[in-house]
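Accompanying notes for the structure given below.
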Amino acid sequence: MASSSGTSSGSSFLQNSGSEEDLQQLMDQRKRKRMISNRESARRSRMRKQKHLDDLMGQVSNLRKENNQILTSMNVTTQHYLNVEAENSILRAQLSELSRRLESLNEIIAVLDANNNCNGLVVMDHNEPYSFNFAQNDIMLDGFNVTNSWNYLSANHPIMTADVLQY
């Protein structure tokens, strides 16, 4: 019996040994499959990351291009605004100068009216306050030649002008 029990324990050892080798091979096979699967998963993850990076780089490129276009448009608009502002400033100065000239001319008319009334002269109808003699280039206000007065006024009060800016 001892021999049979030794044999049975030896065969069980062989079965255990065979079973352990099978188990080890099965575990090694599963380990290799898992490694292959992990490598494939890591490769897919790297590809997704690269695609995402490429997409982001494309967005950066498009946004930079759009930003440059906006900056160019802003620069053109700012320059246009500055040109219009300069022209408006010139026009305001001209308006002010012309208003002063008109006021001076109205004062001249008032003085002439006062002189005509004091001298007993006939005052012209102010619906037509001035006339112009094209042949002699004389300007008459209420019968008074004010050509020299106009020359005096224009010599002392120049109108500011500027070139019209092209856009």
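The values are calculated or read from the model by the stated rules, or taken from the named source; none is laboratory data. Treat the numbers as computed from the prediction; the structure is a model and nothing was measured. Here the Cβ positions follow ideal geometry from the backbone for every residue, glycine too, while neighbour counts run over all protein chains shown. Remember, those area values only see protein heavy atoms, side chains included, never the ligands or the DNA or RNA. Shrake-Rupley method; radii C 1.70, N 1.55, O 1.52, S 1.80 Å.
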Selection from Ser45, Val60, Met27, by position along the positive dipole direction of the stretch 18-72 (Cβ): Val60
Using a 1.4 Å probe and ignoring any ligands, DNA or RNA, find the accessible area of Thr72 and quote it in Å² to the nearest 10. 80 Å²
